[in-house]
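The values are calculated or read from the model by the stated rules, or taken from the named source; none is laboratory data. Everything numeric here is computed off the predicted structure, so don't read it as measured data. Backbone-built Cβ (ideal geometry, glycine too); neighbour counts: all protein chains shown.
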(Lines give C-alpha, C1' and ligand atoms only; values in the text may rest on other atoms or scores of the structure.)
Protein backbone atom coordinates (compact mmCIF):
# COMPACT_ATOMS: atom_id res chain seq x y z
CA UNK A 1 0.00 0.00 0.00
CA UNK A 2 1.42 3.34 -0.96
CA UNK A 3 0.88 6.30 1.31
CA UNK A 4 0.10 9.58 -0.41
CA UNK A 5 1.96 12.42 1.27
CA UNK A 6 -0.64 14.32 3.28
CA UNK A 7 -0.24 15.45 6.87
CA UNK A 8 -3.25 14.37 8.90
CA UNK A 9 -1.99 14.33 12.48
CA UNK A 10 -4.73 16.44 14.06
CA UNK A 11 -8.42 16.59 13.39
CA UNK A 12 -8.37 19.82 11.40
CA UNK A 13 -5.40 18.86 9.26
CA UNK A 14 -6.73 15.48 8.23
CA UNK A 15 -9.32 16.88 5.94
CA UNK A 16 -7.40 19.05 3.53
CA UNK A 17 -8.78 17.04 0.65
CA UNK A 18 -12.42 17.16 -0.43
CA UNK A 19 -14.58 14.66 -2.21
CA UNK A 20 -14.89 15.01 -5.95
CA UNK A 21 -18.38 15.94 -7.02
CA UNK A 22 -19.92 13.77 -9.70
CA UNK A 23 -22.73 14.62 -12.04
CA UNK A 24 -26.01 13.15 -10.82
CA UNK A 25 -26.61 9.66 -12.20
CA UNK A 26 -29.67 7.45 -12.24
CA UNK A 27 -29.78 4.13 -10.44
CA UNK A 28 -29.91 2.40 -13.81
CA UNK A 29 -26.69 3.91 -15.13
CA UNK A 30 -24.46 4.40 -12.12
CA UNK A 31 -21.58 1.99 -11.94
CA UNK A 32 -22.36 0.30 -15.27
CA UNK A 33 -18.96 1.28 -16.69
CA UNK A 34 -16.22 1.22 -14.10
CA UNK A 35 -13.35 0.60 -16.51
CA UNK A 36 -10.61 3.20 -15.97
CA UNK A 37 -12.46 4.49 -12.91
CA UNK A 38 -10.27 5.33 -9.93
CA UNK A 39 -10.90 4.11 -6.42
CA UNK A 40 -9.68 6.58 -3.79
CA UNK A 41 -8.77 4.89 -0.51
CA UNK A 42 -8.74 6.47 2.96
CA UNK A 43 -7.27 4.49 5.84
CA UNK A 44 -7.16 4.54 9.64
CA UNK A 45 -5.03 1.91 11.34
CA UNK A 46 -4.18 1.37 14.98
CA UNK A 47 -0.70 2.29 16.23
CA UNK A 48 0.16 4.10 12.98
CA UNK A 49 -0.08 7.70 11.82
CA UNK A 50 -2.88 6.72 9.43
CA UNK A 51 -5.92 8.65 10.68
CA UNK A 52 -8.48 8.99 7.87
CA UNK A 53 -5.45 9.38 5.62
CA UNK A 54 -5.57 9.26 1.82
CA UNK A 55 -3.43 6.18 1.18
CA UNK A 56 -4.14 4.76 -2.28
CA UNK A 57 -5.49 5.47 -5.73
CA UNK A 58 -6.42 2.22 -7.47
CA UNK A 59 -8.00 1.51 -10.86
CA UNK A 60 -10.37 -1.27 -11.88
CA UNK A 61 -8.89 -3.79 -14.28
CA UNK A 62 -10.20 -6.87 -16.07
CA UNK A 63 -12.41 -9.13 -14.01
CA UNK A 64 -10.58 -11.72 -11.94
CA UNK A 65 -12.41 -14.69 -10.51
CA UNK A 66 -11.44 -14.88 -6.81
CA UNK A 67 -10.33 -18.20 -5.41
CA UNK A 68 -11.93 -19.65 -2.30
CA UNK A 69 -8.69 -18.99 -0.45
CA UNK A 70 -8.73 -15.29 -1.39
CA UNK A 71 -10.59 -12.39 0.23
CA UNK A 72 -13.01 -10.62 -2.07
CA UNK A 73 -15.79 -8.05 -1.87
CA UNK A 74 -18.57 -7.89 -4.45
CA UNK A 75 -20.47 -4.62 -4.88
CA UNK A 76 -23.68 -4.29 -6.92
CA UNK A 77 -25.06 -0.72 -7.16
CA UNK A 78 -28.24 -1.96 -8.85
CA UNK A 79 -29.36 -3.67 -5.63
CA UNK A 80 -30.55 -0.78 -3.46
CA UNK A 81 -32.06 -0.67 0.00
CA UNK A 82 -32.83 1.95 2.70
CA UNK A 83 -32.26 5.69 2.35
CA UNK A 84 -29.59 7.07 4.67
CA UNK A 85 -30.67 9.83 7.09
CA UNK A 86 -27.42 10.72 8.85
CA UNK A 87 -24.80 10.12 11.53
CA UNK A 88 -24.21 12.23 14.62
CA UNK A 89 -24.06 12.31 18.40
CA UNK A 90 -25.80 13.51 21.54
CA UNK A 91 -25.29 17.13 22.56
CA UNK A 92 -25.58 16.55 26.30
CA UNK A 93 -25.11 18.88 29.26
CA UNK A 94 -21.77 17.18 29.94
CA UNK A 95 -20.58 17.84 26.38
CA UNK A 96 -21.68 21.48 26.50
CA UNK A 97 -20.11 22.13 29.91
CA UNK A 98 -16.81 20.60 28.80
CA UNK A 99 -16.87 22.59 25.55
CA UNK A 100 -17.15 25.93 27.35
CA UNK A 101 -14.17 25.12 29.55
CA UNK A 102 -11.93 24.94 26.46
CA UNK A 103 -10.20 27.83 24.74
CA UNK A 104 -11.95 29.60 21.88
CA UNK A 105 -9.35 28.14 19.51
CA UNK A 106 -10.18 24.60 20.56
CA UNK A 107 -13.90 25.29 20.52
CA UNK A 108 -13.63 26.32 16.87
CA UNK A 109 -11.34 23.34 16.20
CA UNK A 110 -13.86 20.96 17.76
CA UNK A 111 -16.86 22.26 15.82
CA UNK A 112 -15.06 22.16 12.50
CA UNK A 113 -13.65 18.68 13.16
CA UNK A 114 -17.10 17.23 13.78
CA UNK A 115 -19.41 19.19 11.49
CA UNK A 116 -17.49 20.38 8.43
CA UNK A 117 -17.81 17.97 5.51
CA UNK A 118 -14.59 19.18 3.87
CA UNK A 119 -12.40 19.73 6.95
CA UNK A 120 -14.14 17.42 9.41
CA UNK A 121 -16.28 14.30 9.47
CA UNK A 122 -19.57 15.91 8.46
CA UNK A 123 -22.01 15.06 11.25
CA UNK A 124 -25.60 15.69 10.14
CA UNK A 125 -27.63 14.28 13.05
CA UNK A 126 -27.98 15.30 16.70
CA UNK A 127 -29.73 14.14 19.85
CA UNK A 128 -30.64 16.34 22.79
CA UNK A 129 -32.09 15.62 26.22
CA UNK A 130 -35.36 16.76 27.78
CA UNK A 131 -34.13 18.23 31.09
CA UNK A 132 -31.45 16.23 32.94
CA UNK A 133 -29.83 12.84 32.47
CA UNK A 134 -26.81 11.12 34.06
CA UNK A 135 -24.50 13.25 31.91
CA UNK A 136 -25.66 16.44 33.60
CA UNK A 137 -24.00 18.00 36.63
CA UNK A 138 -27.19 17.44 38.63
CA UNK A 139 -30.88 16.53 38.32
CA UNK A 140 -33.30 19.25 37.22
CA UNK A 141 -36.58 19.78 35.37
CA UNK A 142 -38.18 22.71 33.57
CA UNK A 143 -40.96 23.24 36.13
CA UNK A 144 -41.41 23.74 39.85
CA UNK A 145 -42.02 20.49 41.68
CA UNK A 146 -45.74 19.74 41.82
CA UNK A 147 -46.70 22.01 38.91
CA UNK A 148 -48.94 19.62 36.97
CA UNK A 149 -50.34 22.51 34.91
CA UNK A 150 -46.81 23.38 33.72
CA UNK A 151 -47.38 27.07 34.48
CA UNK A 152 -43.74 27.48 35.56
CA UNK A 153 -42.29 25.73 32.48
CA UNK A 154 -39.07 27.33 31.19
CA UNK A 155 -35.77 26.17 29.72
CA UNK A 156 -33.60 28.74 31.48
CA UNK A 157 -31.35 25.98 32.84
CA UNK A 158 -30.23 25.18 29.28
CA UNK A 159 -29.31 28.75 28.36
CA UNK A 160 -25.87 28.72 29.98
CA UNK A 161 -24.39 25.76 28.10
CA UNK A 162 -26.63 23.44 26.08
CA UNK A 163 -28.62 25.94 24.01
CA UNK A 164 -25.62 28.00 22.78
CA UNK A 165 -23.61 24.80 22.25
CA UNK A 166 -26.38 23.32 20.10
CA UNK A 167 -26.70 26.53 18.09
CA UNK A 168 -22.97 26.50 17.35
CA UNK A 169 -23.23 22.88 16.19
CA UNK A 170 -26.10 23.72 13.83
CA UNK A 171 -24.12 26.66 12.42
CA UNK A 172 -21.01 24.49 11.99
CA UNK A 173 -23.11 21.92 10.10
CA UNK A 174 -24.06 24.58 7.58
CA UNK A 175 -27.25 25.73 9.27
CA UNK A 176 -29.06 22.40 9.33
CA UNK A 177 -28.87 19.53 11.80
CA UNK A 178 -31.49 16.81 12.11
CA UNK A 179 -32.22 17.03 15.85
CA UNK A 180 -34.29 14.72 18.01
CA UNK A 181 -34.95 14.76 21.76
CA UNK A 182 -35.24 12.12 24.49
CA UNK A 183 -36.46 12.23 28.10
CA UNK A 184 -34.77 10.22 30.88
CA UNK A 185 -37.43 10.73 33.55
CA UNK A 186 -40.58 12.75 34.26
CA UNK A 187 -40.43 15.11 37.26
CA UNK A 188 -40.38 13.27 40.59
CA UNK A 189 -43.95 14.11 41.61
CA UNK A 190 -45.29 12.48 38.43
CA UNK A 191 -43.74 9.10 39.30
CA UNK A 192 -44.74 6.20 41.51
CA UNK A 193 -41.46 6.50 43.42
CA UNK A 194 -41.51 10.31 43.78
CA UNK A 195 -37.91 10.20 42.59
CA UNK A 196 -36.38 11.00 39.19
CA UNK A 197 -33.64 8.45 39.81
CA UNK A 198 -33.71 4.65 40.14
CA UNK A 199 -36.65 3.77 37.92
CA UNK A 200 -40.25 4.05 38.95
CA UNK A 201 -43.21 4.55 36.63
CA UNK A 202 -45.26 7.46 35.35
CA UNK A 203 -48.46 7.72 37.39
CA UNK A 204 -51.56 7.33 35.17
CA UNK A 205 -52.98 10.66 36.34
CA UNK A 206 -49.93 12.42 34.92
CA UNK A 207 -49.98 10.86 31.44
CA UNK A 208 -51.56 13.99 29.96
CA UNK A 209 -49.38 16.58 31.78
CA UNK A 210 -46.29 14.60 30.75
CA UNK A 211 -47.43 14.54 27.11
CA UNK A 212 -47.97 18.30 27.34
CA UNK A 213 -44.40 18.62 28.64
CA UNK A 214 -42.95 17.20 25.38
CA UNK A 215 -44.93 19.72 23.34
CA UNK A 216 -43.79 22.61 25.50
CA UNK A 217 -40.17 21.47 25.19
CA UNK A 218 -40.32 21.27 21.41
CA UNK A 219 -41.95 24.69 21.10
CA UNK A 220 -39.45 26.26 23.53
CA UNK A 221 -36.44 24.89 21.63
CA UNK A 222 -37.86 25.87 18.27
CA UNK A 223 -38.49 29.37 19.58
CA UNK A 224 -34.75 29.46 20.30
CA UNK A 225 -33.98 28.57 16.68
CA UNK A 226 -33.36 24.86 17.25
CA UNK A 227 -35.73 22.83 15.03
CA UNK A 228 -36.74 19.49 16.56
CA UNK A 229 -37.17 16.84 13.87
CA UNK A 230 -38.36 14.11 16.20
CA UNK A 231 -38.37 12.57 19.66
CA UNK A 232 -38.19 9.26 21.46
CA UNK A 233 -40.89 8.32 23.95
CA UNK A 234 -38.48 7.30 26.72
CA UNK A 235 -34.79 6.59 27.02
CA UNK A 236 -34.20 2.96 28.08
CA UNK A 237 -37.74 2.19 29.28
CA UNK A 238 -36.81 -1.21 30.77
CA UNK A 239 -33.80 -0.13 32.87
CA UNK A 240 -33.89 0.87 36.53
CA UNK A 241 -30.75 3.01 36.56
CA UNK A 242 -29.05 4.83 39.43
CA UNK A 243 -29.64 7.98 37.38
CA UNK A 244 -32.79 9.46 35.83
CA UNK A 245 -34.92 6.59 34.54
CA UNK A 246 -38.55 5.55 34.09
CA UNK A 247 -40.04 2.14 33.34
CA UNK A 248 -42.67 1.41 30.69
CA UNK A 249 -43.79 -2.05 29.68
CA UNK A 250 -44.46 -2.42 25.96
CA UNK A 251 -48.18 -2.10 26.61
CA UNK A 252 -47.69 1.03 28.73
CA UNK A 253 -45.55 2.70 26.10
CA UNK A 254 -48.10 1.77 23.43
CA UNK A 255 -51.00 3.22 25.40
CA UNK A 256 -49.17 6.40 26.40
CA UNK A 257 -48.27 6.94 22.75
CA UNK A 258 -51.67 6.30 21.19
CA UNK A 259 -53.86 7.91 23.86
CA UNK A 260 -51.72 10.84 24.97
CA UNK A 261 -48.44 11.68 23.25
CA UNK A 262 -49.48 11.18 19.63
CA UNK A 263 -52.82 13.02 19.92
CA UNK A 264 -51.25 15.80 22.00
CA UNK A 265 -48.55 16.52 19.42
CA UNK A 266 -51.19 16.62 16.69
CA UNK A 267 -53.40 18.95 18.75
CA UNK A 268 -50.43 21.27 19.36
CA UNK A 269 -49.59 21.49 15.66
CA UNK A 270 -46.60 19.17 16.05
CA UNK A 271 -47.96 16.17 14.18
CA UNK A 272 -45.05 16.27 11.75
CA UNK A 273 -42.53 15.35 14.47
CA UNK A 274 -41.09 11.86 14.04
CA UNK A 275 -41.83 9.59 17.01
CA UNK A 276 -39.34 6.85 17.86
CA UNK A 277 -40.29 4.01 20.21
CA UNK A 278 -38.20 1.63 22.34
CA UNK A 279 -34.89 3.58 22.47
CA UNK A 280 -33.24 0.71 24.33
CA UNK A 281 -31.10 -2.35 23.60
CA UNK A 282 -31.24 -4.75 20.67
CA UNK A 283 -32.26 -7.73 22.83
CA UNK A 284 -35.94 -6.86 23.34
CA UNK A 285 -36.47 -4.55 20.39
CA UNK A 286 -38.52 -7.08 18.40
CA UNK A 287 -40.90 -7.72 21.31
CA UNK A 288 -41.39 -3.98 21.84
CA UNK A 289 -41.92 -3.34 18.13
CA UNK A 290 -44.37 -6.23 17.89
CA UNK A 291 -46.58 -4.99 20.73
CA UNK A 292 -46.67 -1.36 19.59
CA UNK A 293 -46.79 -1.83 15.83
CA UNK A 294 -49.44 -4.55 15.99
CA UNK A 295 -51.84 -1.87 17.25
CA UNK A 296 -52.90 0.30 14.27
CA UNK A 297 -53.88 3.22 16.51
CA UNK A 298 -50.39 3.28 18.04
CA UNK A 299 -48.49 2.34 14.88
CA UNK A 300 -49.83 5.32 12.94
CA UNK A 301 -47.81 7.64 15.19
CA UNK A 302 -44.54 5.67 14.91
CA UNK A 303 -41.82 6.79 12.51
CA UNK A 304 -39.37 4.17 13.69
CA UNK A 305 -37.71 2.01 16.32
CA UNK A 306 -34.63 3.24 18.18
CA UNK A 307 -32.05 0.97 19.77
CA UNK A 308 -28.80 0.95 21.80
CA UNK A 309 -25.88 -1.48 22.03
CA UNK A 310 -25.65 -2.06 25.81
CA UNK A 311 -26.49 -5.31 27.61
CA UNK A 312 -27.42 -7.09 24.40
CA UNK A 313 -24.56 -9.57 24.15
CA UNK A 314 -25.58 -13.22 24.14
CA UNK A 315 -22.72 -15.74 24.19
CA UNK A 316 -20.31 -12.91 23.41
CA UNK A 317 -22.07 -11.81 20.22
CA UNK A 318 -24.16 -8.61 19.87
CA UNK A 319 -27.74 -9.35 18.80
CA UNK A 320 -27.52 -7.75 15.37
CA UNK A 321 -30.07 -10.23 14.01
CA UNK A 322 -32.80 -8.63 16.10
CA UNK A 323 -32.34 -5.45 14.08
CA UNK A 324 -32.72 -7.48 10.90
CA UNK A 325 -35.83 -9.23 12.29
CA UNK A 326 -37.58 -5.93 13.01
CA UNK A 327 -36.65 -4.63 9.56
CA UNK A 328 -38.07 -7.74 7.90
CA UNK A 329 -41.28 -7.75 9.96
CA UNK A 330 -41.98 -4.00 9.71
CA UNK A 331 -40.37 -2.75 6.49
CA UNK A 332 -42.57 0.37 6.48
CA UNK A 333 -40.96 1.62 9.71
CA UNK A 334 -37.46 3.03 10.13
CA UNK A 335 -34.59 1.85 12.30
CA UNK A 336 -32.32 4.30 14.10
CA UNK A 337 -29.41 3.60 16.43
CA UNK A 338 -30.04 6.13 19.19
CA UNK A 339 -27.16 5.56 21.61
CA UNK A 340 -23.89 3.74 22.18
CA UNK A 341 -20.57 4.40 23.89
CA UNK A 342 -17.67 2.51 25.43
CA UNK A 343 -18.31 2.36 29.17
CA UNK A 344 -16.01 2.61 32.21
CA UNK A 345 -13.59 5.33 31.19
CA UNK A 346 -9.90 4.38 31.43
CA UNK A 347 -7.29 6.75 29.97
CA UNK A 348 -4.74 3.95 29.50
CA UNK A 349 -6.98 2.35 26.88
CA UNK A 350 -6.86 5.55 24.82
CA UNK A 351 -3.11 5.97 25.22
CA UNK A 352 -2.48 2.34 24.20
CA UNK A 353 -4.93 2.64 21.29
CA UNK A 354 -6.93 -0.38 22.42
CA UNK A 355 -8.40 -1.46 19.06
CA UNK A 356 -11.59 -2.80 20.68
CA UNK A 357 -12.79 0.74 21.45
CA UNK A 358 -12.94 1.91 17.83
CA UNK A 359 -13.72 -1.47 16.33
CA UNK A 360 -16.87 -1.69 18.42
CA UNK A 361 -18.10 1.32 16.44
CA UNK A 362 -17.03 -0.10 13.10
CA UNK A 363 -18.64 -3.50 13.67
CA UNK A 364 -21.87 -2.03 14.97
CA UNK A 365 -22.25 0.50 12.18
CA UNK A 366 -21.58 -2.02 9.43
CA UNK A 367 -23.96 -4.60 10.88
CA UNK A 368 -26.67 -2.07 11.71
CA UNK A 369 -26.59 -0.46 8.27
CA UNK A 370 -26.58 -3.84 6.54
CA UNK A 371 -29.64 -4.79 8.61
CA UNK A 372 -31.63 -1.76 7.46
CA UNK A 373 -30.73 1.06 9.87
CA UNK A 374 -31.15 4.53 8.37
CA UNK A 375 -29.36 6.66 11.01
CA UNK A 376 -26.72 6.16 13.70
CA UNK A 377 -26.21 8.28 16.83
CA UNK A 378 -23.19 8.15 19.14
CA UNK A 379 -23.66 9.09 22.81
CA UNK A 380 -21.78 12.13 24.25
CA UNK A 381 -20.06 14.05 21.46
CA UNK A 382 -17.47 15.35 23.95
CA UNK A 383 -16.42 14.51 27.53
CA UNK A 384 -13.75 15.83 29.86
CA UNK A 385 -10.50 14.20 31.03
CA UNK A 386 -12.40 12.08 33.59
CA UNK A 387 -15.08 10.74 31.24
CA UNK A 388 -17.65 13.16 32.69
CA UNK A 389 -19.05 15.33 34.11
CA UNK A 390 -21.66 12.91 35.43
CA UNK A 391 -23.67 13.36 38.61
CA UNK A 392 -23.78 9.65 39.53
CA UNK A 393 -20.20 8.66 38.59
CA UNK A 394 -21.22 6.80 35.41
CA UNK A 395 -18.03 7.80 33.55
CA UNK A 396 -17.60 6.77 29.92
CA UNK A 397 -15.49 7.18 26.79
CA UNK A 398 -16.24 9.69 24.06
CA UNK A 399 -14.67 9.86 20.57
CA UNK A 400 -13.18 13.21 21.62
CA UNK A 401 -12.05 14.17 25.12
CA UNK A 402 -11.27 17.71 26.19
CA UNK A 403 -8.86 18.16 29.09
CA UNK A 404 -10.30 21.10 31.02
CA UNK A 405 -7.03 21.51 32.97
CA UNK A 406 -4.58 21.56 30.06
CA UNK A 407 -6.92 22.66 27.22
CA UNK A 408 -5.89 19.62 25.18
CA UNK A 409 -8.27 17.92 22.75
CA UNK A 410 -7.74 14.19 22.25
CA UNK A 411 -9.22 12.71 19.08
CA UNK A 412 -9.44 8.97 19.73
CA UNK A 413 -9.51 6.29 17.04
CA UNK A 414 -13.27 6.01 17.58
CA UNK A 415 -13.62 9.51 16.12
CA UNK A 416 -11.77 8.46 12.96
CA UNK A 417 -13.67 5.18 12.64
CA UNK A 418 -17.02 7.00 12.78
CA UNK A 419 -15.64 9.51 10.28
CA UNK A 420 -15.04 6.74 7.76
CA UNK A 421 -18.83 6.57 7.49
CA UNK A 422 -20.10 10.08 8.29
CA UNK A 423 -17.68 12.05 6.09
CA UNK A 424 -18.35 10.10 2.92
CA UNK A 425 -21.89 8.68 3.20
CA UNK A 426 -24.19 11.67 2.94
CA UNK A 427 -27.89 12.11 3.76
CA UNK A 428 -30.05 10.82 0.94
CA UNK A 429 -27.65 8.03 0.01
CA UNK A 430 -28.97 4.55 -0.74
CA UNK A 431 -27.38 1.48 0.73
CA UNK A 432 -26.30 -0.92 -2.00
CA UNK A 433 -25.32 -4.57 -2.02
CA UNK A 434 -21.82 -5.21 -0.68
CA UNK A 435 -20.80 -8.72 0.32
CA UNK A 436 -17.47 -10.05 1.63
CA UNK A 437 -16.23 -13.58 1.05
CA UNK A 438 -14.10 -13.45 4.21
CA UNK A 439 -15.22 -13.32 7.83
CA UNK A 440 -12.22 -11.19 8.75
CA UNK A 441 -13.29 -8.41 6.36
CA UNK A 442 -16.59 -6.65 7.10
CA UNK A 443 -18.14 -4.29 4.59
CA UNK A 444 -21.06 -2.02 3.78
CA UNK A 445 -21.60 0.28 0.79
CA UNK A 446 -23.73 3.26 -0.23
CA UNK A 447 -24.59 5.19 -3.39
CA UNK A 448 -24.66 8.94 -2.77
CA UNK A 449 -27.08 11.23 -4.56
CA UNK A 450 -24.17 12.72 -6.53
CA UNK A 451 -23.42 9.29 -8.02
CA UNK A 452 -20.34 8.52 -5.90
CA UNK A 453 -20.09 5.03 -4.43
CA UNK A 454 -18.71 4.60 -0.90
CA UNK A 455 -17.44 1.23 0.34
CA UNK A 456 -16.33 0.78 3.96
CA UNK A 457 -14.08 -2.16 4.84
CA UNK A 458 -13.13 -3.19 8.40
CA UNK A 459 -10.23 -5.53 9.25
CA UNK A 460 -10.33 -6.59 12.91
CA UNK A 461 -7.46 -9.04 12.58
CA UNK A 462 -3.81 -8.89 13.60
CA UNK A 463 -2.58 -9.42 10.02
CA UNK A 464 -2.62 -7.40 6.81
CA UNK A 465 -5.11 -8.72 4.24
CA UNK A 466 -4.89 -8.54 0.46
CA UNK A 467 -8.36 -8.39 -1.07
CA UNK A 468 -10.21 -7.48 -4.23
CA UNK A 469 -13.30 -5.44 -5.02
CA UNK A 470 -15.37 -6.52 -7.99
CA UNK A 471 -18.13 -4.43 -9.53
CA UNK A 472 -19.76 -4.90 -12.93
CA UNK A 473 -17.18 -7.49 -14.00
CA UNK A 474 -14.21 -5.27 -13.21
CA UNK A 475 -11.79 -5.96 -10.35
CA UNK A 476 -9.46 -3.82 -8.26
CA UNK A 477 -6.75 -5.15 -5.92
CA UNK A 478 -6.25 -3.56 -2.48
CA UNK A 479 -4.54 -4.16 0.87
CA UNK A 480 -6.14 -3.77 4.30
CA UNK A 481 -3.68 -3.19 7.18
CA UNK A 482 -4.10 -5.04 10.46
CA UNK A 483 -6.70 -3.50 12.79
CA UNK A 484 -7.82 -0.93 10.27
CA UNK A 485 -10.82 0.60 8.60
CA UNK A 486 -10.86 1.89 5.02
CA UNK A 487 -13.28 4.00 3.02
CA UNK A 488 -13.07 3.43 -0.71
CA UNK A 489 -14.70 6.08 -2.87
CA UNK A 490 -15.55 5.67 -6.57
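The set of residues in region 181-199 that are assigned to a helix (DSSP H, G or I) and in contact with a helix residue (DSSP H, G or I) (Cβ under 7 Å, 6 or more places away or on another chain) contains only 190. Selection over region 417-460 of residues that are closer than 21 Å to residue 482 by Cα, in contact with a strand residue (DSSP E or B) (Cβ under 7 Å, 6 or more places away or on another chain) and surrounded by fewer than 21 Cβ atoms within 10 Å (Cβ to Cβ) gives a count of 6. Residues in region 114-138 that are over 29 Å from residue 410 (Cβ atoms) and in a loop (DSSP other than H, G, I, E, B): 131 only.
Taking the criterion of being in a loop (DSSP other than H, G, I, E, B) and under 14 Å from the mean Cα position of the chain (by Cα), the residues of region 373-403 that qualify are 373, 374, 381, 382, 398, 399. When 398, 414 are checked against the criterion of being closer than 17 Å to residue 341 by Cβ and either out of contact with any helix residue (DSSP H, G or I) (no Cβ under 9 Å at 6 or more places or on another chain) or surrounded by fewer than 24 Cβ atoms within 10 Å (Cβ to Cβ) (or both), 414 stands alone in meeting it.
When you go through 74, 52, 85, 91 one by one, which is the residue that is on the phi > 0 side of the Ramachandran plot and touching a strand residue (DSSP E or B) at 6+ places or on another chain (Cβ under 9 Å)?
Just a single option satisfies the conditions, and that option is 52.
On inspection, residue 450 fails the criterion of being at pLDDT 95 or above, more than 16 Å from residue 56 (Cβ to Cβ) and more than 25 Å from the chain's Cα centre (by Cα).
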